[in-house]
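Below is one structure, written out as structure tokens; comments come after it.
The values are calculated or read from the model by the stated rules, or taken from the named source; none is laboratory data. As the structure is a computational prediction, the values presented were derived from the model and not from experiment. Cβ sites come from the backbone with ideal geometry, for glycine too, and all protein chains shown count toward neighbours.
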Amino acid sequence: MSDEQKVQEELHEQVEAETEASAEAEAADSGDAQGDALAAATQEIADLKEQMLRLQAEMQNVRRRAEADVEKAHKFGVEKFANEMVGTVDNLERALAAFTAGDEATQAIREGVEMTLSGLLSGLAKFKVEVVDPVSQPFDPELHQAMSMVENGDVAPNTVIAVMQKGYTLQGRLLRPAMVMVSKGAPTINENA
């Protein structure tokens, strides 16, 4: 073999070695690039799954809130109407109190007012409007509004002794507090005076 052929062969071997080395480097680089791309894609998938779960949870919360709002609307939808009817009940009760006993001329009118009042009260009861009439019960600031306190030794302190205006609740929610007079016990006598 001639020197030229040896040199060409060595150059050829050297070129092949360099080509293999660069191919291996490219393969390693592409493997790293593929590994990086795979890791990035895996992270993106995990982020998207988390985002999807958060959106599902948020939608469930929105659905629950909407259902609760609809339930409250059904439950308390008659609140304004009931407040208006409570005033009518008060007026009918005042009309009954104004009738004098034994007056034959107004007996038919009294019976008509009584029937109207009982019909109105039964209609309100169908919609869960209940009367708060706390005579002889302990004072409850959540249901009663104290108009005055009266000394009274016959009943325990903080007991309702008179109701000036009945209260009403709708499905357990207060529509109007009962206006009451509350006992504050017997007066104390100072013996040193």
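One table, with the values for the structure above:
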item	result
Matching residues, region 130-155, being assigned to a strand (DSSP E or B) and farther than 15 Å from E93 by Cβ	E130, P138, H144, Q145, A146, M147, S148, M149, V150
Number of positions in region 156-185 that are assigned to a loop (DSSP other than H, G, I, E, B) and among the basic types (K, R)	2
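Residues are listed down the side, and each one gets a yes or a no for (1) loosely packed, with under 13 Cβ neighbours inside 10 Å; (2) assigned by TED's automatic domain parsing to the domain that holds M181; (3) in contact (Cβ under 8 Å) with a residue 60 or more places away in the chain:
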{"residue": "V70", "(1), (2), (3)": "yes, no, no"}
{"residue": "L92", "(1), (2), (3)": "no, no, no"}
{"residue": "E104", "(1), (2), (3)": "yes, no, no"}
{"residue": "P141", "(1), (2), (3)": "yes, yes, no"}
{"residue": "M147", "(1), (2), (3)": "no, yes, no"}
{"residue": "V155", "(1), (2), (3)": "no, yes, no"}
{"residue": "I161", "(1), (2), (3)": "no, yes, no"}
{"residue": "M164", "(1), (2), (3)": "yes, yes, no"}
